[in-house]
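So the structure is just underneath, and the comments pick up after that.
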Amino acid sequence: MTEPLRLGIAGLGTVGAGVVKIIRQKANLLTARTGRPVVITAVSARSKDKDRGVNLSAYAWEDDPVALAKRDDVDVFVELMGGADGPAKAATEAAIAAGKDVVTANKAMLALHGQELAIAAENAGRVIRFEAAVAGGIPVVKALTEGLAGNQIERVMGVMNGTCNYILTRMQSTGLPYDQVFEEANQLGYLESDPNLDVGGIDAGHKLALLASIAFGTQVAFDGVDLEGIGQITIEDITQAADMGFRIKLLGVAQMTARGLEQRMSPCLVPADSPLGQLEGGTNMVVIEGDHVGQIVLRGAGAGEGPTASAVMSDVLDIARGIRVCTFGQPAKTLECAKAAKSTTPAPYYLRMDLHDKPGALAKIATALGEAGVSVDRMRQYGHEQTSAPVLIVTHKTTRDSLDIAIKSFAATGVLASNPVTIRIETV
Ligand code: NAP
Ligand code: HSE
């Protein structure tokens, strides 16, 4: 029989336990598909005694994931602990130095250290694969590195944090305010232990930076992602945007422009009837546009035991089959260091503000927009009983700079009763 592929798994939480279950339940299927058995030889976690719902007695135990990574009976180090630095990075480095391939679900580690780890792996003749790190069960890394390798990628965008999409769509369907829905998500266990990773857009920003590297042949640059979370989104924005035919999404967009690499992870309006607009709950969606393929849309579970373990297995099985793709789709030393775009591609914007209810108020705002070169597409004033009136404006495509000039000049009109809220409208 062909030599087995021997795994050492560090991290036996949600994802790690899921991987162990697949390997135990599907041994024959995996062997049939790869031509060799895939076996676990050793595992590691913090607590040896914890019940993980799966029998681990056949595997050697290591308290120290670095020791696990160096074991002679491990061919592939499967890193499922998490954390950008600390044991995850130390054990990954140790594995590469000891001549092991690495499979990881750790977007934080790769978004911050991906370039140096990929170089180290390639110098050692090893691979690091990370399908599970982006959009859970959706095979988007494979789609970009392999299925779409013949295309110049023009744009990658998507909803890559299920928790934020759950919060935004739940606000939409119930009319409940952000704080209440955030608390619900917390009770349901959806939030990361540091919730700001989710609602601050950081987790999704890590994922976008990884996809941008593959898509544009550039070194992963998380510090180039323009980040804004969903904490400022109010129920008024959700309902009034819906009234104008839009949904609000925490949307990641990466595109290469003449001004440099644009990477944004921020709340955006998308048409309610678009695939992104229709995306409900904790589901993820990634939209990729290539020069030959056109637009493709990938949708599926972005997190959870089964979907994430499924993605880990995709990488493990590639290694078992002898498929060895560079971490970011091409040798890491050939990845360019992209200049970050200092300004964003022009777009239409949604503006919401309260105006003092007096003659000429709307005209003053319209004049300020016109003087800044911002053209109005649609404008709506809502019925009201107070002395101020809620007003919504949708602009035609404009630069963010022009919009900021207009907003600055709103103050001088003396008609503003609240600070304007602005949200970009993304063309999808
Ligand atoms: P988790 O449930 O918190 O599990 C983490 C595991 O790592 C636990 O088994 C823990 O041990 C172990 N661990 C932590 N520190 C360790 C250390 N110093 N030494 C040895 N073991 C250590 O996390 P998870 O949800 O499975 O996530 C794992 C990775 O997958 C992360 O990088 C995460 O971002 C990524 N990911 C997760 C999902 C998801 O849906 N959960 C989706 C996509 C990607 P104990 O169990 O003994 O505490
Ligand atoms: N916190 C992440 C999410 C988990 O909500 O999508 C998967 O990375």
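Using just the Cα positions, wrap segment 5-104 in a convex hull and report its mean projected area in square nanometres, one decimal place.
Mean orientational projected area (segment 5-104, Cα hull): 6.0 nm².
Based on the alpha carbons, how large is the Rg to Rh ratio for the chain when Rh follows Kirkwood?
1.04
What's the extension gain from THR174 to ALA411 if we count 0.36 nm per residue and subtract their Cα-Cα distance?
Taking 0.36 nm per residue and subtracting the Cα distance, the gain is 81.9 nm.
In segment 317-379, which trypsin sites (Lys or Arg not before Pro) are in a loop and have at most 13 other Cβ atoms within 10 Å, using DSSP for the loop call?
ARG324, LYS339, LYS342
Calculate one ³J(HN,Hα) per residue across segment 415-428 by plugging θ = phi - 60° into the Karplus curve 6.51 cos²θ - 1.76 cosθ + 1.60, and present them in order as whole Hz with x for glycine and proline.
Listing the rounded values in order: 10, 6, 9, 8, 5, x, 9, 10, 9, 5, 9, 9, 7, 10 Hz.
Between GLN386 and ALA84, how high is the FRET efficiency from 1/(1 + (r/R0)^6) when r is the Cβ-Cβ distance and R₀ = 51 Å? Nearest 0.05.
After rounding to 0.05, the efficiency reads 0.60.
Helix-derived [θ] at 222 nm for the chain: sum -39500 (n - 2.57) over DSSP H runs of at least 4, divide by residue count, nearest 500?
The per-residue figure over the chain is -10500 deg cm²/dmol.
Which of LYS142/LYS207; LYS50/LYS89; LYS21/LYS50 have a Cα-Cα distance over 20 Å?
LYS50/LYS89
Only Lys, Arg, Asp and Glu count, each charged at its Cβ (+1, +1, -1, -1), so figure out the dipole size of segment 5-104 about its Cα centre, rounded to 20 debye.
Using Cβ point charges on Lys, Arg, Asp and Glu, segment 5-104 gives about 460 debye.
For segment 21-63, what % of the accessible area comes from carbon and sulfur atoms, probe 1.4 Å?
Exposed carbon and sulfur together represent 44 percent of the surface.
Could you tell me the calculated FRET efficiency between THR367 and ASP73, based on Cβ-Cβ distance and R0 = 60 angstrom, to the nearest 0.05?
With R0 = 60 Å, the Cβ-Cβ based efficiency is 0.20.
Can you work out the FRET efficiency for the pair TRP61 and GLU3, with r the C-beta to C-beta distance and R0 = 25 Å, to the nearest 0.05?
The computed FRET efficiency comes out at 0.60.
Which percent, nearest 5, of DSSP beta bridges in segment 140-299 are antiparallel?
The antiparallel proportion sits near 90 percent.
Can you pick out the pairs among LYS100/LYS342; LYS249/LYS358; LYS100/LYS249; LYS107/LYS339 whose Cα atoms lie more than 32 Å from each other?
Beyond 32 Å between Cα atoms: LYS100/LYS342; LYS249/LYS358; LYS100/LYS249.
Report the convex hull volume per residue for segment 107-204, counting only C-alpha atoms, in Å³.
Spread over its residues, the Cα hull of segment 107-204 gives 138 Å³ apiece.
List the residues whose amide H sits under 5 Å from the amide H of VAL376, counting only those 5 or more places along or on another chain, with H placed 1.01 Å from N in the peptide plane.
HIS396
Taking the alpha-carbon centroid of each part, what is the distance from segment 5-46 to segment 288-307 in angstrom?
The two parts, judged by their Cα centres, are 25 Å apart.
If you average 1/r over all unlike Cα pairs in segment 262-370 and invert the result, what Kirkwood radius do you get in angstrom?
Its Kirkwood hydrodynamic radius stands at 19.6 Å.
Determine the dipole magnitude for the chain: charges of +1 sit on the beta-carbon of Lys and Arg, -1 on that of Asp and Glu, nothing else is charged, the reference point is the Cα centre, and the result goes in debye to the nearest 20.
That gives the chain a dipole magnitude of about 740 debye.
Tally the DSSP beta bridges in the chain and give the antiparallel ones as a percent, rounded to 5.
If we restrict to bridges inside the chain, about 65 percent are antiparallel.
Residue separation times 0.36 nm, minus the C-alpha to C-alpha distance between GLU154 and HIS292: what's the value?
48.7 nm
Please check: in the Gaussian network model of the chain (C-alpha springs, under 10 Å), which one of LEU392, LEU362, LEU188 has the largest mean-square fluctuation.
With Cα springs under 10 Å in the chain, the top fluctuation among LEU392, LEU362, LEU188 is at LEU188.
Calculate, axis by axis, the spread of Cα positions in segment 140-299 along the three principal axes, and write the results as whole Å, longest axis first.
45, 33, 28
Could you tell me which trypsin sites (Lys or Arg not before Pro) in segment 1-91 are loop residues by DSSP with no more than 13 other beta carbons within 10 angstrom of their beta carbon?
ARG46, LYS48, LYS50
Please list, or write none, the lysines whose alpha carbon is within less than 29 Å of the alpha carbon of LYS364, excluding same-chain residues fewer than 8 places away.
The qualifying lysines are LYS397, LYS408.
On alpha carbon coordinates alone, what is the Rg over Rh value for segment 317-428, Rh being the Kirkwood radius?
1.31
The values are calculated or read from the model by the stated rules, or taken from the named source; none is laboratory data. Keep in mind that this is a model prediction, so the values were computed, not measured. Here Cβ is always computed from backbone atoms with ideal geometry, including for glycine, and neighbour counts include all displayed protein chains. Heads up: the accessible areas ignore ligands, DNA and RNA and are worked out on the full protein's heavy atoms, side chains in. Shrake-Rupley method; radii C 1.70, N 1.55, O 1.52, S 1.80 Å.
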